[in-house]
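What follows is one structure encoded as structure tokens, with my remarks underneath.
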Amino acid sequence: MATGQIFSRNTQALFYNYKQLPIQRMLDFDFLCGRETPSVAGIINPGSEGFQKLFFGQEEIAIPVHSSIEAACSAHPTADVFINFASFRSAAASSMAALKQPTIRVVAIIAEGVPESDTKLLIAYARTNNKVVLGPATVGGIQAGAFKIGDTAGTIDNIIHCKLYRPGSVGFVSKSGGMSNELYNTIARVTDGIYEGIAIGGDVFPGSTLSDHVIRFNNIPQVKMIVVLGELGGRDEYSLVEALKEVKIHKPVVAWVSGTCARLFKSEVQFGHAGAKSGGELESAQAKNQALLEAGAVVPTSYEAFETAIKETFEKLVEEGKITPVSEVEPPEIPEDLSFAIKSGKVRAPTHIISTISDDRGDEPCYAGVPMSTIIERGFSVGDVISLLWFKRSLPRYCTQFIEICIMLCADHGPCVSGAHNTIVTARAGKDLVSSLVSGLLTIGPRFGGAIDDAARYFKDAHDRGLTPYEFVEGMKKQGIRVPGIGHRIKSRDNRDKRVQLLQQYAHNHFPSVKYMDYAVQVENYTLSKANNLVLNVDGAIGSLFLDLLSGSGMFTKQEIDEIVEIGYLNGLFVLARSIGLIGHTFDQKRLKQPLYRHPWEDVLYTK
Amino acid sequence: MARKKIREYDSKRLLKEHLKRLAGIELQICSAQVTEATDFTELTDKESWLSSSKLVVKPDMLFGKRGKSGLVALNLDLAAVAQFVKGRLGVEVEMGGCKAPITTFIVEPFVPHEQEYYLSIVSDRLGCTLSFSECGGIEIEENWDKVKTVFLPTEKSMTYEVCAPLIATLPLEVRGKIGNFIKGVFDVFQDLDFSFLEMNPFTLVNGEPYPLDMRGELDDTAAFKNFKKWGSLEFPLPFGRVLSPTESFIHSLDEKTSASLKFTVLNSKGRIWTMVAGGGASVIYADTVGDLGYASELGNYAEYSGAPKEDEVLQYARVVLDCATADPDGRKRALLIGGGIANFTDVAATFNGIIRALREKESKLKAARMHIYVRRGGPNYQTGLAKMRALGDELGVPLEVYGPEATMTGICKSAIDCIMSAA
């Protein structure tokens, strides 16, 4: 492993697998330290490119996102640290790819559970190529006042509390990431603080070892003393013992190896870290503590006395005049995140969207307050769901069944009507489902399928004002408006629309009142006296019957009914229904592998 | 989560299957597993060699020295094997200070042999160590000076030349065979993510390598790559580790979640109980109670980490509290709800589950004269600690709360002082 400094105030990293919080914490740390450049140069998110917006102090900055490690490295040749937040399944492969980049010197692997054999390949490669691997299963490390990896040292409050925004004199290395944060706090309490802290991770074979970092710290002039927190299992501490015995380390080392409790367990025990396993006597905490003590390290009698040992060692260095007093700086204040400030009740912010029909925040989604399990368990139908999401209430079964009948009747009307035709032409042009569908839907309007609302509006207005069919129809004629819901290209007095008959029959059998439909029939009788094809069409039937549904069910106020008609709910029925048919036409054309449609010249009148 | 020992039966099953695939070597070994659930008639239908050969039977429980302990029976017929098993199933034995019943046996054909070879492969940080000896068997430790060792660095690949120093002194007629065998076994070792493998001994039957005794250890973090190759595989608990119902409840909880939940009762009559966040910190709390001289009062080891959900913490804390408050004897007890300063775990959120459990167990806590000591830091710790303080007042249970201003293990001393003080 390389010796000496691996980070500085200019170190920049590439961050693999975008995670908002750890990156933001790195940038907040940068700001706290007064760094001029953000410590994250680029993000690698396989399969996506662009930018991620993050805060650097009060300002927002855009950090480039790359889809591959190679692309990120060539775009940011000065970034030499690779922070790998990949899962344990893919961490080894991405780490190896990063190690092979000439610009990368340090790779930190956060994932826990990387297979040993994979880590060993990383170790071998890093050794041969003089690179540093931190982890796997680590939170990372920090050089105080300079650079920090991911979530290391926790919250900003903690970083300020532990004075990690400026360098102290202590080099610290531990296996446990959680305990490293605890020790930053302890060390800040009894010394002038951390110069650099590294968590090597709890695996059996960490990418770099306790002794690797201790030897490195020994070569960093600013580090005056070294604190080591080891753990039972493995023999890494013995290479530190060897280094001490061979007098390779010239700075005081305060060390503690945890896991003395293993002897309380009757059988072999595996603690939280993969490497923390009781093995032979040599791997026990007691044996390692003893060996470190004999090799010249300061070893307390228990973890509880660790703090005092660190304190005394530091004070001795102060007495010997070996510690240069740290110049204290006042770190700038980091603006609080809005989400956090809201959570703590300090500020409020207006919402930008309001929703009243459904809520997906709980254990299960709710439609108008009715949980999904109720909808399924009680056997709700599509009509019931429409009544919840459109009308925000559970309508009686006869109403929801009527809605379903409307949908079934309007689902399709052959390939020749304008909606289906457009869909067919679009599908045959090789467009996707959504394009084909909306191309058909876009034809729905005043001339095609969009007359239900207007029919309802005019019938309701005329009926409620007590106009006779004669007054209504002639009044419309005077205004130059065709009566919506009346008239059909093909159907006539003697060839009635079967769909209209079915709707009327259903309403007669189930609706408490059909006053609007009766009125529509009276209008039809009058218009039929004018022309044979001025029959009540399906739009007119649905429009008038829906008015009967709304007023007859007793579940809507007069004001609500006006609003429903005004907003145009009823055309929604047609749009929903016809989507079924249009999707069918799209699939039909695709299945039939129909080629691009071209309208024949012969069928066009070319003229001036 | 780490290196796990597997049964001899599985070691041999994997070796046989994959030695054929990777090295084209077909081992003539047969083994059958016998447990309480085994029906000998059914087993014989499947493994016909059981009724046609003389057999060996021994416990398959992850402990060694079975021959020296008189737990191996040789040259039996099937009926005698059944008799041997019947007499020992469920019977407690003591091995290396651990006492536990025998639940699993391995049965194999009895192979009379003279030559006993030793082979082991150990995965080390920078490579693998292969050891071989022509003087294997139960006297291997006495003959350790005859063991030859080679170290194969990770970046080098396995070749016949690598094995050469191991087998250099073997007679020419077996050297090639054994060299190829070692090379094949190493390929299996690598391909299946073994971290340790030992055959002591293997022999030659009709000139072909034949493992008689085998131990194996797999890296279970590699399970995601090896699902198919490993097949149905069991990772038994270490010998002597018999889970109590409460421990196995937590064990099953642990296996279902992405978080880590660990619980071991050390002394059910202990008066100091722990429930600590974090793999590193939990060990240190247990250490500290012991290092301060009160190991005998330590009730348990408990660790939760990896951001368990509130409901998981609740279920976990219930179990810890039930054990900690069992059989009140009028004397004071202490519960350490400890932890270091978290890097990213939301302290208030994890405390919610613990607080719910403490509330549920109010009367039990009082009956056991429980004194509770809390110490924790990290994101949102102020809220979490304030909730804990309020709970102490609400329940009227003695409860002291500390944050990062206090040392992590200071509450161990407080707890000891508390239980040792009069009244």
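For segment B:33-164, the average shadow cast by the Cα convex hull is 11.0 nm², which is a quarter of the hull's surface.
Projected onto their three principal axes, the Cα atoms of segment B:203-301 cover extents of 62, 30, 26 Å, largest first.
Close amide H partners of A:Gly487, meaning residues 5 or more places away or on another chain with modelled amide H under 5 Å apart, are A:Val535, A:Leu536, A:Asn537. On full extension, the segment bounded by B:Glu208 and B:Glu26 gains 64.6 nm, given 0.36 nm per residue less the C-alpha separation. Computed on chain A, with alpha-carbon pairs under 8 angstrom and 6+ residues apart, the relative contact order is 9 percent. Per-residue Karplus couplings for segment B:302-318, computed as 6.51 cos²θ - 1.76 cosθ + 1.60 with θ equal to phi - 60°, are listed in order as 8, 9, 10, 7, x, 6, x, 6, 3, 5, 5, 4, 4, 4, 5, 5, 4 Hz, Gly and Pro entered as x. Taking every DSSP helix (H) stretch of at least 4 residues in chain B, weighting each as -39,500 (n - 2.57) and dividing the sum by the residue count yields a mean residue ellipticity at 222 nm of -11500 deg cm²/dmol. For the protein assembly as shown, place one equal point scatterer on every Cα, skip the solvent, and apply the Debye formula. What is log10 of I(q)/I(0) at q = 0.08 Å⁻¹? With one equal scatterer per Cα and no solvent, log10 I(q)/I(0) is -0.95. Distant-in-sequence amide contacts of A:Leu134, defined by a placed amide H-H separation under 5 Å and a gap of 5 or more residues or a different chain, comprise A:Val107, A:Ala108, A:Ile109.
Please arrange A:Trp390, A:Trp601, B:Trp273, B:Trp144 by accessible surface area, largest first, computed with a 1.4 Å probe and ligands excluded.
Details: A:Trp390 75, A:Trp601 160, B:Trp273 0, B:Trp144 125 Å².
Largest accessible area first, the residues go A:Trp601, B:Trp144, A:Trp390, B:Trp273.
Solvent-accessible area of A:Met408, all protein chains in place: 130 Å² (probe radius 1.4 Å, heavy atoms, ligands and nucleic acids excluded).
If you count the DSSP beta bridges with both ends in the protein assembly as shown, what percent of them are antiparallel, to the nearest 5? Of those bridges, close to 55 percent are antiparallel.
For a protection proxy built on the mean count of beta-carbon atoms within 10 angstrom, sort A:420-432, A:183-195, A:307-319 highest first, please. Show your work: numbers first, answer last.
On the way: A:420-432: 19.5, A:183-195: 23.7, A:307-319: 17.2.
Answer by packing, highest mean first, reads A:183-195, A:420-432, A:307-319.
For chain B, the calculated P(r), taken from all Cα-Cα distances in 20 Å bins from zero up to the bin holding the longest distance, is 23, 41, 30, 7, 0 percent.
What full-extension length gain, to one decimal in nm, is calculated for A:Ser513 and A:Ser67 as 0.36 nm per residue of separation minus the Cα-Cα distance? Mind showing how you got there, number by number?
Working: separation 446, 0.36 × 446 = 160.56 nm, distance 6.41 nm.
Contour length minus Cα-Cα distance gives 154.1 nm.
Using the structure shown, select from B:Lys148/B:Lys183; B:Lys12/B:Lys225; B:Lys65/B:Lys99; A:Lys224/A:Lys245; B:Lys99/B:Lys146 the pairs with a Cα to Cα distance greater than 23 angstrom. Cα-Cα > 23 Å for B:Lys99/B:Lys146; rest within. A:Arg499 exposes around 40 Å² of accessible area when a 1.4 Å probe is run over every protein chain in place.
Taking θ as phi - 60° and the Karplus parameters 6.51, -1.76 and 1.60, the scalar couplings of segment A:171-183 work out to x, 10, 9, 9, 7, 6, x, x, 6, 5, 5, 4, 6 Hz in sequence order, x denoting glycine and proline. Note on B:Lys366: lysines with a C-alpha under 28 Å away, same-chain residues under 8 apart excluded, are B:Lys262, B:Lys269, B:Lys309, B:Lys332, B:Lys387, B:Lys413.
What's the FRET efficiency of A:Ser435 with A:Asn533 using the Cβ-Cβ distance as r and R₀ = 35 Å, to the nearest 0.05?
Values: r = 36 Å, r/R0 = 1.02.
Step by step, r from the Cβ atoms, then E = 0.45.
Residues whose amide H comes within less than 5 Å of that of A:Gly140, counting only those at least five positions distant or on another chain, are A:Ala199 (H built at 1.01 Å from N in the peptide plane). The mean number of Cβ atoms from other chains found within 10 Å of a Cβ in peptide B:287-296 is 5, as a whole number. Its residues counted as N, segment A:259-354 yields a C-alpha radius of gyration over 2.2 N^0.38 Å of 1.94.
When only the heavy atoms of the protein chains count and the probe is 1.4 Å, how do B:Met420, A:Met96 rank by accessible area, highest first?
On the way: B:Met420 100, A:Met96 40 Å².
Per-residue accessible area, sorted high to low, gives B:Met420, A:Met96.
When the solvent-accessible surface of protein heavy atoms is calculated with a 1.4 angstrom probe, in what order do B:Lys12, B:Lys183, A:Lys245, B:Lys46 fall, highest first?
Details: B:Lys12 0, B:Lys183 60, A:Lys245 125, B:Lys46 160 Å².
Accessible-area ranking of B:Lys12, B:Lys183, A:Lys245, B:Lys46, largest first: B:Lys46, A:Lys245, B:Lys183, B:Lys12.
With the simple spin-label model, which puts each label point 7 Å out from Cα in the Cβ direction, the B:Lys148 to A:Val417 separation comes to 8.9 nm.
Can I get the semi-axes of segment A:333-444's equivalent ellipsoid? Compute them from the C-alpha gyration tensor as square roots of 5 times the eigenvalues, in angstrom, largest first. Provide the component values of the computation, followed by the final result.
Details: eigenvalues 312, 132, 27 Å².
One finds semi-axes of 40, 26, 12 Å for segment A:333-444.
Applied to segment B:12-22, the Karplus parametrisation 6.51 cos²θ - 1.76 cosθ + 1.60 on θ = phi - 60° returns per-residue 3J(HN,Hα) values of 6, 4, 5, 4, 4, 5, 8, 5, 5, 5, 8 Hz, with x for Gly and Pro.
The values are calculated or read from the model by the stated rules, or taken from the named source; none is laboratory data. The model shown is predicted, which means the values in this text are computed figures rather than measured ones. Neighbour counts are summed over all protein chains in view; Cβ atoms, including those assigned to glycine, are modelled from backbone coordinates with ideal geometry. Only protein heavy atoms, including side chains, enter the accessible area calculation; ligands, DNA and RNA are left aside. Shrake-Rupley method; radii C 1.70, N 1.55, O 1.52, S 1.80 Å.
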